[in-house]
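For reference, the structure discussed in these notes is given below.
The values are calculated or read from the model by the stated rules, or taken from the named source; none is laboratory data. For clarity, every value in this text was computed on a predicted model and none was experimentally measured. Because the Cβ atoms are built from the backbone with ideal geometry, glycine has one as well, and the counts that use them run over all protein chains shown. We work out accessible area using only protein heavy atoms, side chains counted, and drop any ligands, DNA or RNA first. Shrake-Rupley method; radii C 1.70, N 1.55, O 1.52, S 1.80 Å.
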Amino acid sequence: MTRNINIWKRVDKPVVIVYLLMVIMGWFNIYAAVFNEEHREILDFSQRYGKQFIWIVAALILAVLVMVTDARFYFFFYWVIYGIMIVMLILLFFFGKEINGSRSWFEFGFVSLQPSEFAKFATALALAGYLNYHRQELTRFRIIMPALGIILLPAILTAAQPDMGSTIVFFALILVLFREGMSPYVFVSGLLMIILFFLALLLDNYMLELILTGLAFFLVWLVTRKLKVALAGAGIVLLIGGPLFMLNHSLNEPASYNLIIIITLLVSGLFFAYYIYQKKALGVLVIYAFLISSVLYINTVDFVFDNFLRSHQKERVEIMLGFKSDPHGTGYNLNQSLISIGSGGFSGKGFLRGTQTKFKFVPAQSTDFIFCTVGEEWGFLGSVLIVGMYLFLLLRLIKLAERQRSVFSRTYGYGVMSILFIHFFINLGMTIGLVPVIGIPLPFFSYGGSSLWGFTIMLFIFLRLDASRTEHLI
Amino acid sequence: MKDLFAARKYFIIAMIIIACVILIARLFVIQVVKDVYRLSADNNVLRYVTQYPARGLIYDRNGNLMVFNQAAYDLMVIPSQTSTMDTALFCEDLEISTDVFRERMKAARNYSYRAPSIFLKQISAESYAKFQEKIFMFPGFYVQPRTLRKYSKPVGAHILGYVSEVDEIQIKKDPYYKPGDYIGKLGIEEAYEKELRGTKGVKIFLVDVYSRVKGSYAEGAMDTAAAQGNDIISSIDLDLQEYGERLMENKTGSIVAIEPASGEILALISSPGYDPELLVGRARSENFLKLSADTLLPLFNRAFMASYPPGSTFKPVNGLIALQEKVIVPSTSFSCNNGYLFVGCHSHSSPLDLKGGIMNSCNAYFCQTFRRILENPEYSSVTEAYEKWRSYLTQFGFGTKLETEFVNELPGLVPAPAYYDRFHGKNGWRALTVISLAIGQGEIGATPLQMANMTAAIANRGYYFTPHVVRSAGGEEGSRFRTRYDIEIDSANFEEVILGMEAAVNGGAGATARIAAMPDVVVCGKTGTVQNPHGKDHSVFIAFAPKDDPEIAIAVYVENSGFGATYAAPVASLMIEKYLKKEISAASGWKEKRMLELDLIGIKSDQRDEEH
Ligand SMILES: [Zn+2]
């Protein structure tokens, strides 16, 4: 065993340097964000910047502990780590402290912990462990389902807290599955689902269904190269839908257009099935299946949106989609965020010179909206520097992942990369109005012990695996 | 194992690079390209100024303005933007001491270093004009316009309520409110706060280091305008209200006048009142303390917070219940020999029927009647008969809150049988035990508002609408005030009792309230004298007019004055005349003069002085 001698030499220095830079820059920005004239000392422990220093020191100690642990520990005990984290997430429902309507925190005296932050690396580990054995078979349904299960379990548990931000983060791990061989169709379907999700909220269901149906017949024409077939299909739909529509109109309590269209499509399916069977037209079958599942999906989305999302989350999505512009409601945060970032201009106002009274206007400015301070005080240059650092870190992580010998280490590396990527993209995106305001922290920058520790452990486990990449894990 | 999918890393790398390019492009747009988000100079700062909406106006039923707004100015400070300045000059201009200055600055800094807070409240327009010229010398300070209430006439304070700054409890209860916001207290201002308050807006300004406004930020693209609150049309008749307050000057007591057909309150007077202007602006807290300390309780709204025994004005109700329960008929006569058992009576002709009983206000008649109600063989016990009697009273609105807009109205009291059980044991009490209820004395208590409502119900021959002071708010009428409450007494029985009330005012010898008669309008009324253990009796009068198709129902209480006929009746008749004719005829001039000159408070304090 030579690891104790080599471990510090073999740790990837560029990643460590970027990590340290980010943590320190984060700390200074928190200082600037909640700066208080009465407490000018950056090490004033009654203030968030003082506390963040403690979290940083603790994070560094954690990093060292992770590094001195044998790499094989993570390989052999990933199930245990994952199991503990799942149990923690379940225990939240019983012992969690409710803050802002969600149970995401444990409170131990003066320290609060957010288990979902630790569940992220645990899930990446578990997925890596599973894929280590099954990676070449990800095209098979039986193999892919447990992998999705590993992701879905913590995703559902966090969704129930409810903490939509963390839920979305777990889904980022699907990128790992794609890298390891999952069908691109599944991946494309996933992207399609996201697009349909927004369209379902933007348009009336029946409008969207009519558009999709029209699109389907257009595709049929392209696939079969017979205009007649497409027109005949459309004719069948009209022949069934028309009378149904008229009949429905004469009822005292007419059903929704939406329901009429669903019934029409399902009934016409019987006629299409005959055609598909006769002509062995597989392409048409696929199109029909896609159409029906899309229609069912958009109805599910609408139903879930109306019945399960909490009103403030609904509002956030609605504001992002431009349904609502309420400068004193949820959109107010975004407006304030845009103003502070935008007012930074090209080179920013300088450290502690952010004159926006953000203290009052952007509530989470030291946590989820920390980027506002960066944008305002360091301007476009500072913003690009942050994006650049992340780009460097993410690409570096891919490079490190690709040089691993073991599938376990590689897939874990991709897991770390995916989770950091989604955090980074959503967090920055929300402060500049590209994505809905979803409350997730900017890794290494945002104030808070749990997230900093979670990301530190996650990153350093990978660095530890990378340091031992020449050794055999088993 | 061979890695079949290694090439997919390029797809992932491309995706990440594209994402970063999108982020940078968007950052470039909002930070470098777009003017909307950019500030012209480094020293410029944004100032968020809350745009406070003006409260809605309040009109009376005839469209006369009752409450409107006047401008005032709050001096604001942002501690982080202050710098060295001539503090002495500043304090001199604002007429404050340097100690106050230091104290206020400290408070502002404690609240927030970067957010604005109020430094000095409600500077008058004159001081503002003076100060504004020098404001550039005081960086970090600026002036925020506010509005204060102004009243067209110094009347109706108890109906209108007042406006004050929100306290912490209200801020916690409703996140709409922020420190420094105004909120309605009592009266219409509180009951219709949501309609009146309007919507706050925000204006963003560019300000230079000398606190000078350099223009609006992003050409106002981020601003929202404040929207004034909805106007309210009250049911009050401002002239009648003013006249009533004049009549009640130097007297304690209350007047409530209602339009029977709608339940709309025409006037609501509690005397002594106060000028609503006293509770506006910086002087409010000082004046409030003074008013609270006044022994005549000007802040106390007697109209619905004071509960008195109704006295003889209650007799018509007992007559109605007896008729409906069929224990008497209109022709039932009782003789009176200066009273009944231990309840005395004045001298009048005897025997009397129902009409005569009401006209002469014969105590004996109503004691006998009440006895018949409670000893009705239809019921198994006195308790049961009493419960039935009590249920009629509840229908008239006694013993429960009427649910007007006023949150602090009193329910009054009609004791449950359990009350008497406690003193006399179960079934240990009989009609004679509670006989004082027959003439509206004893444990029963009702507010002037409840008495006016009872009068309205009699005027309507058996129903009422919940009394209310607001006709429409923001163009919408309150639907809950359109519910008709019917009393389970036949209208024919009402006609019989109304004949008695008509006779009490317009009858011949023995009529108790002839002073309230008008030459060309049939007024129906009933006097009352409420025994007062603490001093002279209270004088009470209820009336409605005209007899057919009544337009006004009124209850008048004059405390510590004596007989109902002497004080309350002329006040009521003057109010009715004022409302129906819009002016007082020469024939009534002497009544008006006498009532205006009557000073019961002065007399009382004179007496007090003599006693000492
Ligand atoms: Zn008598």
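Considering every residue within segment A:438-455, establish whether at least one is in contact (Cβ under 8 Å) with a residue 40 or more places away in the chain, over 26 Å from A:Gly50 (Cα atoms) and crowded, with 24+ Cβ neighbours inside 10 Å. No: zero hits. Within segment B:350-363, residues that are closer than 16 Å to B:Val327 by Cβ reach partners that are near the ligand (Cβ under 8 Å from one of its atoms) with beta carbons closer than 8 Å, at six or more positions or on different chains, in the pairs B:Leu354/B:Tyr365; B:Gly357/B:Tyr365.
Quick one: in segment B:95-118, which of the residues that are polar (S, T, N, Q) and within 13 Å of chain A (Cβ to nearest Cβ) is surrounded by the fewest Cβ atoms within 10 Å (Cβ to Cβ)? The selected residue is B:Asn110. Residues B:Ser335, B:Ser347: which one is surrounded by fewer than 21 Cβ atoms within 10 Å (Cβ to Cβ), modelled with pLDDT of 90 or more and within 13 Å of the ligand (Cβ to nearest atom)? Going through B:Ser335, B:Ser347 in turn, the sole match is B:Ser335. Looking across B:Ala517, B:Ala459, one residue alone is closer than 19 Å to B:Ile576 by Cβ and at pLDDT 95 or above. It is B:Ala459. Residues in segment B:7-33 that are among the aliphatic types (A, V, I, L, M) and within 8 Å of chain A (Cβ to nearest Cβ): B:Ile12, B:Ile13, B:Ile16, B:Ile17, B:Ala19, B:Ile22, B:Leu23, B:Ile24, B:Leu27, B:Ile30, B:Val32.
Annotation: A:Gly233 fulfils all but one of (1) at pLDDT 85 or above; (2) within 20 Å of A:Asn205 (Cα to Cα); (3) under 40 Å from the mean Cα position of the chain (by Cα); the unmet one is (2).
Among the residues of segment A:421-435, just one is more than 10 Å from chain B (Cβ to nearest Cβ) and free of Cβ contacts under 8 Å to residues at least 60 places away in the same chain, namely A:Asn427.
Out of B:Lys315, B:Lys326, report the one residue that is free of Cβ contacts under 8 Å to residues at least 12 places away in the same chain and not polar (S, T, N, Q).
B:Lys326
Within segment B:355-375, the set of residues being open to solvent by 10 Å² or more (accessible area, probe 1.4 Å), more than 9 Å from the ligand (Cβ to nearest atom) and either basic (Lys, Arg) or in contact with a helix residue (DSSP H, G or I) (Cβ under 7 Å, 6 or more places away or on another chain) (or both) comprises B:Lys355, B:Met359, B:Arg371, B:Arg372, B:Glu375.
Taken together, A:Ile86, A:Ile61 contain a single residue that is of a type in the set (Val, Ile, Thr) and surrounded by fewer than 17 Cβ atoms within 10 Å (Cβ to Cβ), which is A:Ile61. Could you tell me whether segment B:379-388 includes any residue that is surrounded by fewer than 17 Cβ atoms within 10 Å (Cβ to Cβ), more than 26 Å from B:Ala457 (Cα to Cα) and within 16 Å of the ligand (Cβ to nearest atom)? Within segment B:379-388, none of the residues are surrounded by fewer than 17 Cβ atoms within 10 Å (Cβ to Cβ), more than 26 Å from B:Ala457 (Cα to Cα) and within 16 Å of the ligand (Cβ to nearest atom). For segment B:302-332, the set of residues classified as charged (D, E, K, R) and within 12 Å of the ligand (Cβ to nearest atom) consists of B:Lys315 only. Taking the listed residues B:Ser270, B:Ser262, the one that is in a strand (DSSP E or B), small (Gly, Ala, Ser) and within 20 Å of the chain's Cα centre (by Cα) is B:Ser270, with no other qualifying.
Of the strands (runs of 3 or more DSSP E) lying entirely inside segment B:478-554, those containing at least 1 residues that are open to solvent by less than 40 Å² (accessible area, probe 1.4 Å) span B:524-530, B:538-545. Per the listing A:Asn252, A:Asn205, the residue uniquely open to solvent by less than 30 Å² (accessible area, probe 1.4 Å) and either of a type outside the set (A, V, I, L, M, F, W, C) or farther than 24 Å from A:Leu282 by Cβ (or both) is A:Asn205.
Taking A:Tyr49 as the residue in question, decide whether it is among the aromatic types (Phe, Trp, Tyr), out of contact with any Asp or Glu (no Cβ under 8 Å at 6 or more places or on another chain) and closer than 30 Å to A:Ile156 by Cβ.
No.
Looking at A:Tyr277, A:Tyr257, A:Tyr288, just one residue is under 21 Å from A:Ser189 (Cβ atoms) and open to solvent by 30 Å² or more (accessible area, probe 1.4 Å), and that residue is A:Tyr288. Checking the conditions here, which among B:Leu341, B:Leu299, B:Leu352 is under 37 Å from the mean Cα position of the chain (by Cα), surrounded by fewer than 24 Cβ atoms within 10 Å (Cβ to Cβ) and either more than 11 Å from the ligand (Cβ to nearest atom) or in the same structural domain as B:Ser391 (by TED's automatic domain parsing) (or both)? Testing whether each residue is under 37 Å from the mean Cα position of the chain (by Cα), surrounded by fewer than 24 Cβ atoms within 10 Å (Cβ to Cβ) and either more than 11 Å from the ligand (Cβ to nearest atom) or in the same structural domain as B:Ser391 (by TED's automatic domain parsing) (or both) leaves just B:Leu299.
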